[in-house]
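Take a look at the structure set out below.
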Amino acid sequence: MSFDAAKEAVGRRAADLVTDGMAVGLGTGSTVAHTIAALGERGLDITCVATSIATEHLANEAGLAFVAPDEVDGLDIAIDGADEVDPDLNLIKGGGGALMREKIVAALAKRFVVVVDESKIVAQLGDFGTPVELLPFAPRTAARAIEGLGALDVTLREQLSDDGNLLADARFGAIADPVTLSAALDAVPGIVGHGIFLGEMVERVLVDGPSGPRTITHQGER
Ligand code: 5RP
């Protein structure tokens, strides 16, 4: 099974978790795009909140109604992709630059479900890099602070976030303690957000790949 086929299979599988009447957070990326398409095909009566302008376009194409996050009190479920998943279900997200909106929407949801192909499952976070969203006011100051936390380098992207902030990737190498690094990044003035999503946010990770579908939770795997 190719990675593209795995993304499609797992993305579509996640749509089965959604039922009529739910408020649903829609993530960003090529995997969750299949979830959005499947939700549209099912013709459900749901209210969605999108995590990016790209996802708003996909939701529109799929015929899904979406509202701003402030228009809901909470979400029944949010479904999103990830760039890396470790054994404690800590994630690296933000490859597509939507990390801050994604974190806000995930935090609104009672259930945060992650959809990935097998290549995203890692023993330790870090190889992908850590996306960060920076206030344009003082990005070099923020980058120096990130290097002070152990980043080997911080590379600015050309792409801006949907909220007009700068995006960059910090290379920490293997991240031994995502909880501590996440808190340290949260404390740097000028960092709007970062792509470490702690496992405590995640209810389950749906995976697909050459060895077939599986679901990983904090209780184990099936
Ligand atoms: C976007 C993200 C994506 O969820 C992540 O990059 C995975 O994308 P894909 O499903 O295309 O591999 O965090 O900001």
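The values are calculated or read from the model by the stated rules, or taken from the named source; none is laboratory data. Model, not experiment: these values are computed from the prediction. Backbone-built Cβ (ideal geometry, glycine too); neighbour counts: all protein chains shown. The accessibility values were calculated without ligands, DNA or RNA, using every heavy atom of the protein model including side chains. Shrake-Rupley method; radii C 1.70, N 1.55, O 1.52, S 1.80 Å.
Here is a yes/no grid of residues against (1) closer than 28 Å to Thr35 by Cα; (2) of a type outside the set (Lys, Arg):
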residue	(1), (2)
Asp163	yes, yes
Ala176	no, yes
Thr180	no, yes
Arg204	yes, no
His218	yes, yes
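Annotation note: Cβ proximity below 6 Å between a residue of region 178-190 that is on the phi > 0 side of the Ramachandran plot and a residue that is aliphatic (A, V, I, L, M) and surrounded by fewer than 18 Cβ atoms within 10 Å (Cβ to Cβ) (sequence gap 6+ or interchain) occurs for Gly190/Leu135; Gly190/Ala138. Taking Val113, is it within 13 Å of Ile216 (Cβ to Cβ), more than 11 Å from the ligand (Cβ to nearest atom), out of contact with any Phe, Trp or Tyr (no Cβ under 9 Å at 6 or more places or on another chain) and open to solvent by less than 10 Å² (accessible area, probe 1.4 Å)? The answer is yes for Val113.
Consider Gly173 carefully, then state whether it is under 27 Å from Ala142 (Cβ atoms) and within 16 Å of the ligand (Cβ to nearest atom). Spelling it out, it is not the case that Gly173 is under 27 Å from Ala142 (Cβ atoms) and within 16 Å of the ligand (Cβ to nearest atom). Residues in region 14-60 that are touching a helix residue (DSSP H, G or I) at 6+ places or on another chain (Cβ under 7 Å), assigned to a strand (DSSP E or B) and small (Gly, Ala, Ser) were compared, and the one that is surrounded by the fewest Cβ atoms within 10 Å (Cβ to Cβ) is Ala50. Which one is nearest to Met1 (Cα to Cα), of the residues in region 73-115 that are of a type in the set (D, E, K, R) and part of a strand (DSSP E or B)? Result: Glu84. Listed here are the strands (runs of 3 or more DSSP E) enclosed by region 116-222 that have at least 1 residues being open to solvent by 40 Å² or more (accessible area, probe 1.4 Å) and not charged (D, E, K, R): 153-160, 191-194. Kindly indicate which of Gly96, Gly11 is of a type outside the set (A, V, I, L, M, F, W, C), within 11 Å of the ligand (Cβ to nearest atom) and either modelled with pLDDT under 95 or open to solvent by less than 10 Å² (accessible area, probe 1.4 Å) (or both). Gly11 is the lone residue from the list that is of a type outside the set (A, V, I, L, M, F, W, C), within 11 Å of the ligand (Cβ to nearest atom) and either modelled with pLDDT under 95 or open to solvent by less than 10 Å² (accessible area, probe 1.4 Å) (or both).
Among the conditions (1) out of contact with any Asp or Glu (no Cβ under 8 Å at 6 or more places or on another chain); (2) at pLDDT 95 or above; (3) aliphatic (A, V, I, L, M), the only one that Val32 does not satisfy is (1). Residue count for region 16-53, restricted to those that are more than 11 Å from the ligand (Cβ to nearest atom), in contact (Cβ under 8 Å) with a residue 40 or more places away in the chain and over 20 Å from Pro69 (Cα atoms): 1.
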